[in-house]
Amino acid sequence: MEVGAEGFAQRLPRLRRRIFRSAFVALDMEFTGLHSTSLQNNEPSLFDSPAERYMKARQSVQRFTLVQLGLAIFSKENSNKYVVHSYNFFLFPSTLGIRDVEFTLSASSIQFLSYYGFDYNKFLKDGIPYMNEVQEKILRQHLLAGTWKVCSTNNADRDVLKKAIDEVTSWIAAAKEEDTMILQDLNGYLMLEVQLVLRQALKNVWTEPLGDKKVMVKKVSPEHRRLLENSSYDLCQKKLILLSARGFTNLFQILVKVKKPLVGHNMLMDLMHLHDKFYRPLPESYEEFKRNIHNLFPVIIDTKTVTKSVQKKCQFPRVSSLLEVYAVLCSSNLNPKGPPCPVIALASSCSRYAEKKFPHEAGYDAFLCGSVLLMSAHLLLCRSTDEAVETEPSFSQYLTVLAEHVNKVNFIRGGVSNINFSGEDSPCRHPPALVVHVQGWPGLTERQIYQEFKARCRFDVRRLSKNQFILLSNKYKHVRLVLRDYRHHPHLQVSVYRHWRHSPSVNCLLQISGIVVLWSLLAFALGGARSC
């Protein structure tokens, strides 16, 4: 189901009920970009610690924005069956009463989404607004002070607003009390802005939205106007304006309140955008970010981490993409002796996902993500015991078998295998680092070293000293290949990195120690000579 700004408020109560009744929710996001190339040294690297990677990603999250958020709500019925309601929410930053939001577009990301059929008109014209706590506080202050505004530079919107105001001012001069007129073709915030502008400028008019992009304008007496302003049905009350401007943030706050398990796939960037766009601007501290996310969502499950475990424990082919994992789990008989996996049924409003694949559509990927979780958990449960598994395992049983993966989010190419949001991050085992000693090839750069080895395998490169570079790979076969092929290279001597031998700081310390020892021996010798 696709949801834009126009129908979001009406669907929010039903969404709340479905989330409260759910077993868990899965999410996926699409962005205007992933990693900013305009920032120096911002590419992910195997040399990155979690804190270093967080700081790189934080800069990118602050530059890019969400275009679509997919939410799949999985509810368990009274049998071994889960019903899924999957939603695509088109999002656009709130433009009411706050400083105008700026964001960056990555050409490759835009092209990628376009290839998969993303509708940018829905993002731009019907995107649901959202704001974080800092932006909401500023808007609240503007509303109380009466200094609100719509941050719009759209000339077409300005023309529509001017036309509406001109129509009303021309009409009201000859109108009688209780006479009405209808303004038409008002989209999104224009419907709200026209009403607020008219009420502020003209003390003898009242406005009411009629739906279908229409607003009724009525001429009223000042006394009648005061009565209407105090009515609980006035949709332009400040608290209702705030509720409207919050938009999708209202749904985010429901997710935070119910504390249902939150499921994603390679979800670090998703969690960072959730924090930045709907909660608070991302803190500088990596540890503070982890604490905040854990407080918001105490149970997080990354299906990338789970499927890595499934691949190790079961005869599971090594596939990378979420769609490939889903296809393998659906088609393979990996558990011939155990009870069948739970039935996963799409609600009628999402039936097209059962008929056709929609990769990189956020609602579809969220559905895949939740389905992969259920099938993987069922497989692990059946493999975890020699005893017969119940024919209808509960979701709490699945959570128990997934306990070692809970709150551990996959860390792509870095110093740890995953980020632990409820504890300390554990370092992962990489193949040994290599050191390249350059001879007879002056002025060689990290980029040139990277290009030299790129034809054979992928290494991340970091300069160690003037003539030395460190290479890191996450594949043992690449390390063996390079050690073999560069054994007799005329300019590049490659060996396994030894900290005590190759570290500049250790070498410096050894040199200083040597000098100190030499001077001590010299002083001792000179002192002994004098005594003789």
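The values are calculated or read from the model by the stated rules, or taken from the named source; none is laboratory data. Given the structure is predicted, the values throughout are model-derived calculations rather than measurements. Heads up, the Cβs are rebuilt from the backbone with ideal geometry, glycines too, and the neighbour counts pull from every protein chain shown. Each accessible area value is taken on the protein alone, full model and side chains, heavy atoms only, with ligands, DNA and RNA left out. Shrake-Rupley method; radii C 1.70, N 1.55, O 1.52, S 1.80 Å.
Restricting to segment 389-421, and then to whatever is farther than 13 Å from L46 by Cα, among the aliphatic types (A, V, I, L, M) and in contact (Cβ under 8 Å) with a residue 40 or more places away in the chain, can you tell me which residue is surrounded by the fewest Cβ atoms within 10 Å (Cβ to Cβ)?
L399
Of everything in segment 460-498 that's within 22 Å of P44 (Cα to Cα) and in a loop (DSSP other than H, G, I, E, B), which residue is most open to solvent (accessible area, probe 1.4 Å)?
K475
Which residues, taken from segment 413-435, are farther than 15 Å from M267 by Cα and not small (G, A, S)?
V416, E424, D425, P427, C428, R429, H430, P431, P432, L434, V435, listed by residue number.
Of all residues in segment 279-295, which are within 21 Å of L373 (Cα to Cα) and open to solvent by less than 50 Å² (accessible area, probe 1.4 Å)?
I293
Mind checking which pairs have a first residue in segment 271-290 that is more than 18 Å from D28 (Cβ to Cβ) and at pLDDT 95 or above and a second that is open to solvent by 10 Å² or more (accessible area, probe 1.4 Å) and of a type in the set (K, R), Cβ under 6 Å, 6 or more apart or different chains?
Final answer for the pair search is L282/R58.
Only one of (1) open to solvent by 80 Å² or more (accessible area, probe 1.4 Å); (2) touching a helix residue (DSSP H, G or I) at 6+ places or on another chain (Cβ under 7 Å) is not met by D365, so which one is it?
Every condition holds for D365 apart from (1).
Among all residue pairs at least 6 apart or on different chains, which show Cβ distances below 7 Å where the first residue, located in segment 168-195, is within 13 Å of V220 (Cβ to Cβ) and the second is part of a loop (DSSP other than H, G, I, E, B) and open to solvent by 30 Å² or more (accessible area, probe 1.4 Å)?
I172/L202
Which numbered condition in (1) open to solvent by 20 Å² or more (accessible area, probe 1.4 Å); (2) in contact with a helix residue (DSSP H, G or I) (Cβ under 8 Å, 6 or more places away or on another chain); (3) at negative phi; (4) at pLDDT 90 or above is the only one that H360 fails?
Condition not satisfied by H360: (3).
Which residue pairs have Cβ atoms closer than 6 Å, lie 6 or more positions apart in sequence or on different chains, and pair a first residue in segment 347-367 that is assigned by the TED database to the domain that holds H265 with a second residue that is part of a loop (DSSP other than H, G, I, E, B)?
Listed pairs, sorted by first residue: S349/M1; H360/Y116; Y364/F358.
Specify the residue that is surrounded by the most Cβ atoms within 10 Å (Cβ to Cβ); the eligible residues are those in segment 435-459 that are part of a loop (DSSP other than H, G, I, E, B) and in contact with a His (Cβ under 9 Å, 6 or more places away or on another chain).
Kept after step one, since they are part of a loop (DSSP other than H, G, I, E, B), are these residues of segment 435-459: 439-445, 455-459.
Then keep just the ones that are in contact with a His (Cβ under 9 Å, 6 or more places away or on another chain); that gives 439-441, 444, 456-459.
Numbers: Q439: 11, G440: 7, W441: 13, L444: 17, R456: 12, C457: 16, R458: 14, F459: 24.
My answer is F459.
Which count do you get for residues in segment 168-212 that are assigned to a loop (DSSP other than H, G, I, E, B) and over 26 Å from L124 (Cβ atoms)?
Residues flagged as assigned to a loop (DSSP other than H, G, I, E, B) and over 26 Å from L124 (Cβ atoms) within segment 168-212 amount to 10.
Is there a residue in segment 107-123 that is crowded, with 18+ Cβ neighbours inside 10 Å, aromatic (F, W, Y) and assigned to a helix (DSSP H, G or I)?
Within segment 107-123, one or more residues are crowded, with 18+ Cβ neighbours inside 10 Å, aromatic (F, W, Y) and assigned to a helix (DSSP H, G or I).
Are any of the residues in segment 343-350 under 24 Å from K81 (Cβ atoms), buried (at least 16 other Cβ atoms within 10 Å of the Cβ) and among the β-branched types (V, I, T)?
Within segment 343-350, one or more residues are under 24 Å from K81 (Cβ atoms), buried (at least 16 other Cβ atoms within 10 Å of the Cβ) and among the β-branched types (V, I, T).
Here are K203, K257: which of them is among the basic types (K, R), assigned by the TED database to the domain that holds E6 and surrounded by fewer than 15 Cβ atoms within 10 Å (Cβ to Cβ)?
The match here is K257.
In segment 208-221, what count of residues is obtained for those that are of a type outside the set (D, E, K, R) and over 21 Å from S170 (Cβ atoms)? Give the derivation first.
Taking segment 208-221 first, the residues of a type outside the set (D, E, K, R) are 209-211, 215-217, 220-221.
Of the ones still in play, those that are also over 21 Å from S170 (Cβ atoms) are 209, 211.
The number of residues fulfilling the criteria is 2.
Taking the condition of being touching an Asp or Glu at 6+ places or on another chain (Cβ under 9 Å) and assigned to a helix (DSSP H, G or I), how many residues in segment 25-53 meet it?
Residues flagged as touching an Asp or Glu at 6+ places or on another chain (Cβ under 9 Å) and assigned to a helix (DSSP H, G or I) within segment 25-53 amount to 2.
Could you check E424 against (1) touching a Gly at 6+ places or on another chain (Cβ under 8 Å); (2) open to solvent by 70 Å² or more (accessible area, probe 1.4 Å) and say which number it fails?
Unmet condition: (1).
Assess whether Y82 counts as being open to solvent by less than 70 Å² (accessible area, probe 1.4 Å) and either within 27 Å of V197 (Cβ to Cβ) or in contact with a strand residue (DSSP E or B) (Cβ under 8 Å, 6 or more places away or on another chain) (or both).
Yes.
Across segment 1-24, which residue is most open to solvent (accessible area, probe 1.4 Å) among those that are of a type in the set (G, A, S) and part of a helix (DSSP H, G or I)? Give the derivation first.
Looking only at segment 1-24, we keep the residues that are of a type in the set (G, A, S), and these are 4-5, 7, 9, 22-23.
Filter again for part of a helix (DSSP H, G or I), leaving 5, 7, 9.
Numbers: A5: 40, G7: 21, A9: 71 Å².
Filtering segment 1-24 for residues that are of a type in the set (G, A, S) and part of a helix (DSSP H, G or I), the one most open to solvent (accessible area, probe 1.4 Å) comes out as A9.
What about S309, is it free of Cβ contacts under 8 Å to residues at least 60 places away in the same chain and either hydroxyl-bearing (S, T, Y) or on the phi > 0 side of the Ramachandran plot (or both)?
Judged against the criteria, S309 is not a match.
Name the single residue that is most open to solvent (accessible area, probe 1.4 Å) among those in segment 41-60 being among the charged types (D, E, K, R) and at pLDDT 90 or above.
Applying the filter and picking the extreme gives E52.
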